[in-house]
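The values are calculated or read from the model by the stated rules, or taken from the named source; none is laboratory data. These numbers were taken from a predicted model, which means no experiment stands behind them. For neighbour counting, all protein chains shown are included, and Cβ atoms are generated from backbone atoms with ideal geometry for every residue, glycine included.
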Amino acid sequence: MSNPGLRRHLLDAPLDHLAAEARAVRDARGPERITYSRKVFLPLTQLCRDVCHYCTFAKAPRGLASAYMSPDEVLEVVRAGAGAGCKEALFTLGDKPELRYAAAREALDRLGFATTVDYLAHVAGRVLTETGLIPHINAGVLTTADYARLRRVSGSMGLMLESASERLCRRGGPHFGSPDKAPAARLASIAAAGEAAIPFTSGLLIGIGETRDERIDALLALRDLHRTHGHLQEVIVQNFRAKPRTRMAGAPEPSEEELLWTVAAARLVLDREVSVQSPPNLNPGRTRALIDAGLDDFGGISPVTIDHVNPEAPWPEIETLSAECAAAGRPLVERLTAHPAFVQEAARWLDAGVAKAVRKLADAEGLARDGAWSPGVAGAAPGSPERPLGAAPTLAPHLGLDDVLSRAAAGRTLAEADIVRLFATRGAAAEAVVACADELRRKVNGETVTYVVNRNINYTNICTYSCSFCAFSKSSSKAGLREPGYDLPLVEIADRVREAWSRGATEVCLQGGIHPRYTGETYVAILQAVKAAEPAMHVHAFSALEVSQGAATLGVPVADYLARLRDEGLGSLPGTAAEILDDEVRAQICPDKLTAAGWLDVVRAAHGVGLRTTATIMFGHLDRTEHWARHLLAIRNLQLDTGGFTEFVPLPFVHMASPVYLRGRARRGPTWRESVLMHAVARIALHGAIRSIQASWVKLGLDGASACLNAGVNDLGGVLMNESISRAAGAAHGQELTVADLQRAGASAGRPVAQRTTLYGQPA
């Protein structure tokens, strides 16, 4: 629709028609949710050179105890916010007060800074480095140089356009005497932020004398800036509130209809990726109406500080707002100060230091992590065996979710978008996904939880590859690393096999780094040593990478080499080295490893010579939900061709000692919600192809693995004597469990436990 046609439509169409159109545009953006940011509000200075006729935030020096908050005052507030789960530090301040007030200049001089922006950059930098909260900066009209400096210490910035009407700046208008409210100055500043590649927030202030036509002008101006720079993450529709002791104290406030019309108009004018927000504390009782008008974000809400711009309007209780959103069919979900699309493209939109801090707080969708749990960290998982995702608010059913689950239950292959949608579910919708997964598990596997008694033997940690996620491999014992490199002699491997057999093990799982001296004959010799020690021991060994490397050193086809390994006693292969079967991610975490197609080819060859394999996914690092979906579909498609997978094992990324995390490029592993959903969605997406879904107690902890038993999981893996790969990455969970431990885990989920063989038979 052209601008004239759109304008006419917005001005002529009934509100209910516009709201329905706006909802349709909003709903097409993606998952059913409303976002918000948990923040602290920091009025660094309330001095301002402007004299807006509706504002009570700006004050004269005589009305303030001090011209600026001190760094200690700022940090005290921020640390209280951190304790309350806040992730954003919102700096709001007056515009260039030193140009008007000697008190501001003198205060800055005492602090050791020349300008307010100088001081702001210093304090925001301390907040970022000392607390981990991400600054969002609203500092008025700024220059290109200002933006460049502040970008290094903030995750996003903002400047309300308020209005594009020059008329409001004339004598008698609300912006008369406020040079920084000139629309041209504000639009130029917003454009400069785009040139600096800053995730940006702007918005309209409605009800200050502007017309609907002028609001459309403002929205179109913002849309055009975004189309030039791509930097607008949200546009706020803020309704004027008359305040005592201002020149506009007696001015009428905009009606609810005007507010809802503007929200709907914003959604229809702006490009789809730009969020539309309205402050909930200015609109109590209007939650459902705003959502029905196309709103998708409620902005920053603080459990610690007041809204210093609107101190008369308390923030809503987050729990209350959450229930209201859930009742409208769109669960309330916490985001970061930078919106998800900008977090997921952090290399473009964020300074490297800021990006590192943001990734620590982010989940796979670029939203805020929902809790402090990470894989491998000591302590109980936040879920319970009965309800692994916890209590969920009431959520109006969404028409499309049942269709996706029904198609999966019928054994049909889902589309990538369907699987991404399942991973994006929250609240009661996520519980519905988990319940569906567990019902499929019940139909396929019954109630019994299985396990294998096995021993891990990692015969070398020396590796020629440089996978950025791996903390296990060591290039040499002389590299100055915390743990030296090792290469177990065959006699030691044989001794460990005999010991495992004596303790009841039916399987040894053997894997190691790609040692520079290893050839295909090395792996054959390892097999021969194992089988000579205990002929009846099942050998579950050698990743696809090891097989590929072994075949290459001998100059033989992979299938021929696999047949030789089979004949020497190899019983099955682990599904490791798969990581994420998407080359976009592999290029970043394991660029010299097999490609996704290369891994699938080796596994296909193994199935072709009669060797069964497991399938794995390592998730929660640089990956996104679409990568998870592609991985699951690649596994499913291969299984439908070969039938050679015995089980699927999600492996949550353990971050603590991982090089890619320490360099600031990876997240802190998946969240608890993501971990539960990975098991549940895998059960759903692989239904009709792979029967068994295993939970890794090494990554999740035993309580976490137990909770996943009611999320589609039917297997707890093995006791894993001497597991060392996860421990090297920093996991706190033990290196070995007893059968009694596994039995207790099953019992806590109300499930019987039984031993199995590697290939899911009954042990002799």
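See the values below:
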quantity: Residues satisfying the stated conditions in region 363-373, i.e. buried (at least 24 other Cβ atoms within 10 Å of the Cβ) and either modelled with pLDDT under 95 or part of a strand (DSSP E or B) (or both); calculated: Ala368
quantity: Residue in region 606-613 that is of a type in the set (Ser, Thr, Tyr), under 30 Å from Val753 (Cα atoms) and surrounded by fewer than 23 Cβ atoms within 10 Å (Cβ to Cβ) present; calculated: no
quantity: Conditions (1) in the same structural domain as Phe57 (by TED's automatic domain parsing); (2) over 17 Å from the mean Cα position of the chain (by Cα); (3) buried (at least 22 other Cβ atoms within 10 Å of the Cβ): number failed by Gly376; calculated: (1)
quantity: Options Ala634, Ala605, Ala563, Ala657; residue that is under 19 Å from Arg683 (Cα atoms), in the same structural domain as Arg691 (by TED's automatic domain parsing) and aliphatic (A, V, I, L, M); calculated: Ala634
quantity: Residue that is surrounded by the most Cβ atoms within 10 Å (Cβ to Cβ) [pool: residues in region 1-21 that are hydrophobic (A, V, I, L, M, F, W, C) and over 21 Å from Ala221 (Cα atoms)]; calculated: Ala19
quantity: Any hit, region 246-255, residues being surrounded by 17 or more Cβ atoms within 10 Å (Cβ to Cβ) and among the acidic types (Asp, Glu); calculated: no
quantity: Hey, Ala84 within 38 Å of the chain's Cα centre (by Cα), within 22 Å of Ser322 (Cα to Cα) and either surrounded by fewer than 17 Cβ atoms within 10 Å (Cβ to Cβ) or not assigned by TED's automatic domain parsing to the domain that holds Met157 (or both) or not; calculated: yes
quantity: Tabulated pairs, region 212-235, first under 14 Å from Ala266 (Cβ atoms), second modelled with pLDDT under 95 and not hydrophobic (A, V, I, L, M, F, W, C), C-beta under 7 angstrom, 6+ apart or interchain; calculated: Leu220/Asn3
quantity: Check on Ala145, free of Cβ contacts under 8 Å to residues at least 12 places away in the same chain and either assigned to a helix (DSSP H, G or I) or surrounded by 24 or more Cβ atoms within 10 Å (Cβ to Cβ) (or both); calculated: yes
quantity: Total residues in region 263-296, condition part of a helix (DSSP H, G or I) and basic (Lys, Arg); calculated: 2
quantity: Only one of Gly329, Gly299 that is in a loop (DSSP other than H, G, I, E, B), more than 23 Å from Ile580 (Cβ to Cβ) and within 24 Å of the chain's Cα centre (by Cα); calculated: Gly329
quantity: Scan of region 748-761 for residues that are closer than 17 Å to Asn445 by Cα and either more than 32 Å from the chain's Cα centre (by Cα) or surrounded by 15 or more Cβ atoms within 10 Å (Cβ to Cβ) (or both), ordered by number; calculated: Ala749, Arg751, Pro752, Val753, Ala754, Gln755, Arg756, Thr757, Thr758, Leu759, Tyr760, Gly761
quantity: Any hit, region 444-459, residues being under 30 Å from Ala341 (Cα atoms), of a type outside the set (Gly, Ala, Ser) and either in contact (Cβ under 8 Å) with a residue 12 or more places away in the chain or out of contact with any helix residue (DSSP H, G or I) (no Cβ under 9 Å at 6 or more places or on another chain) (or both); calculated: no
quantity: Residue list for region 611-648, restricted to those being touching an Asp or Glu at 6+ places or on another chain (Cβ under 7 Å) and in a helix (DSSP H, G or I); calculated: Thr625, Glu626, His627, Ala629, Arg630, His631, Leu633
quantity: Subset of region 107-128 that is touching a residue at least 40 places away in the same chain (Cβ under 8 Å) and under 27 Å from the mean Cα position of the chain (by Cα) - its residue that is surrounded by the most Cβ atoms within 10 Å (Cβ to Cβ); calculated: Val127
quantity: Qualifying residue in region 154-161 (condition: more than 31 Å from the chain's Cα centre (by Cα), surrounded by fewer than 24 Cβ atoms within 10 Å (Cβ to Cβ) and assigned by TED's automatic domain parsing to the domain that holds Gly300); calculated: no
quantity: Qualifying residue in region 342-355 (condition: under 30 Å from Ile690 (Cα atoms), of a type in the set (A, V, I, L, M, F, W, C) and assigned to a helix (DSSP H, G or I)); calculated: no
quantity: Some residue of region 48-61 being under 26 Å from the mean Cα position of the chain (by Cα) and more than 19 Å from Glu273 (Cα to Cα); calculated: no
quantity: Those residues of region 532-586 which are basic (Lys, Arg), free of Cβ contacts under 8 Å to residues at least 40 places away in the same chain and surrounded by fewer than 18 Cβ atoms within 10 Å (Cβ to Cβ), in sequence order; calculated: none
quantity: Test for Asp16: is it in the same structural domain as Pro311 (by TED's automatic domain parsing) and under 21 Å from Gly177 (Cα atoms); calculated: no
quantity: Residues satisfying the stated conditions in region 20-52, i.e. within 18 Å of Pro303 (Cα to Cα) and hydroxyl-bearing (Ser, Thr, Tyr); calculated: Thr35, Tyr36, Ser37
quantity: Filtered residues of region 590-630 (kept if polar (S, T, N, Q) and within 23 Å of Ser696 (Cβ to Cβ)); calculated: Thr613, Thr614, Thr616, Thr625
quantity: Lone unmet requirement of (1) closer than 30 Å to Gly177 by Cα; (2) crowded, with 19+ Cβ neighbours inside 10 Å for Thr56; calculated: (2)
